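Bear in mind that the values in this text are calculations on the coordinates, not laboratory data. From a predicted model like this one, the values you see are computed outputs, not experimental measurements. Reconstructed Cβ throughout: ideal geometry from the backbone, glycine too, with neighbour counts over all protein chains shown.
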Amino acid sequence: MIKLFTAKLESHATKMPLIKWLAQGYYRSICRKEALAAGIDATSRVLFVGAGAYPFSALYFATQCQANVTAVDIDADKVRKAHETFGPVLRCLCADGACVAVSDYDVIIIAKQVEPKDAVLNHVFSRARPDTKILVRDGVVPEAINHRVTSACRHHFRLVRRTWLLTA
């Protein structure tokens, strides 16, 4: 359901300025808190998995935090649209989150609509550097990685519902 809603939102945002403005406002609030908790700044290398055709969050981190951001999605058409629109600001790649190279990134963000999330998380945890911060947008952290939830997550994310800050 969330995957379909997000796809529709992205599609309408590219065509309707009001939808774009409303969606940016919603994501801006979330991204601001995530950036603070994960320490995203101009020195950060960020991988955003599940970026879609209109990667609101990836754009926020690239423009507002001046981070070096790579936006990844498994859907080639969405990646093409994102690249056509945001290519100068973001590096857009068509890749499976369960296979993409992750070792060069300081922060990895996994969107709520990414599936299968367990496969992506297992890949990230097995290949990311030990100091990598991982943001997982989801209401439930799989039991297999529950022990990785940091105290910073509990402190910073009381206001950001359904996002977890983990460390590799």
Failed criterion for Phe56 (all others in (1) surrounded by 24 or more Cβ atoms within 10 Å (Cβ to Cβ); (2) free of Cβ contacts under 8 Å to residues at least 60 places away in the same chain hold): (1)
Selection count where residues are under 20 Å from Cys99 (Cα atoms) and surrounded by 24 or more Cβ atoms within 10 Å (Cβ to Cβ), scope the stretch 36-52: 7
Those residues of the stretch 79-107 which are over 10 Å from Val49 (Cα atoms) and either assigned to a loop (DSSP other than H, G, I, E, B) or among the hydroxyl-bearing types (Ser, Thr, Tyr) (or both), in sequence order: Thr85, Gly87, Pro88, Val89, Leu90, Cys99, Ala101, Val102, Ser103, Asp104, Tyr105, Asp106
Single residue of Thr85, Thr63 found to be surrounded by fewer than 17 Cβ atoms within 10 Å (Cβ to Cβ), among the hydroxyl-bearing types (Ser, Thr, Tyr) and under 19 Å from Ile30 (Cβ atoms): Thr63
